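Asks: The structure is given below, and queries will be raised subsequently.
The values are calculated or read from the model by the stated rules, or taken from the named source; none is laboratory data. For clarity, every value in this text was computed on a predicted model and none was experimentally measured. When we count neighbours, we look across all protein chains shown, and the Cβ atoms used for this are built from the backbone with ideal geometry, even at glycine. Ligands, DNA and RNA are stripped out before the accessible areas are found, and what is left, the full protein with its side chains, is counted by its heavy atoms. Shrake-Rupley method; radii C 1.70, N 1.55, O 1.52, S 1.80 Å.
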Amino acid sequence: MFSLSSTFSRRVLGRLSGCLAVAGAVDVVDNIVPFYTDASMKTRKSMPEFKAVFMAKPKAMREMILRACNDAAMTKPYAEFCADVNSLRGMQ
């Protein structure tokens, strides 16, 4: 039987949960709906409003959103959203 040390298990699970948290930053509707003008999320807010919403988020959330938008797998389904987020990079 194969057994992992508890320290190793915690490290692996911690890294995996960190990946899920980053993906969740963009996948969770509540995190990104404020960036849109409507609940159907078809139209993003103007760039000044978009920036205001972004800057109003806690720093940890802004960093998670930036990391998610830097991930190639995440940028495909959220290309336009991530393009706007990435234009704000460095304004944290």
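Asks: Taking interchain pairs and intrachain pairs at least six residues apart, which have beta carbon atoms under 9 angstrom, with the first residue in segment 44-60 and closer than 14 Å to N86 by Cα and the second outside any loop (DSSP other than H, G, I, E, B) and open to solvent by 80 Å² or more (accessible area, probe 1.4 Å)?
Replies: Pairs found: none.
Asks: State which residue is modelled with the lowest pLDDT when the search covers only segment 7-65 and only residues that are aromatic (F, W, Y) and assigned to a helix (DSSP H, G or I).
Replies: F8
Asks: Just to be sure I understand, how many residues within segment 31-66 are surrounded by 13 or more Cβ atoms within 10 Å (Cβ to Cβ) and polar (S, T, N, Q)?
Replies: Of the residues in that region, 1 qualify.
Asks: Of all the residues that make up segment 67-92, how many are touching a residue at least 24 places away in the same chain (Cβ under 8 Å), surrounded by 12 or more Cβ atoms within 10 Å (Cβ to Cβ) and not basic (K, R)?
Replies: Selection size over segment 67-92: 11.
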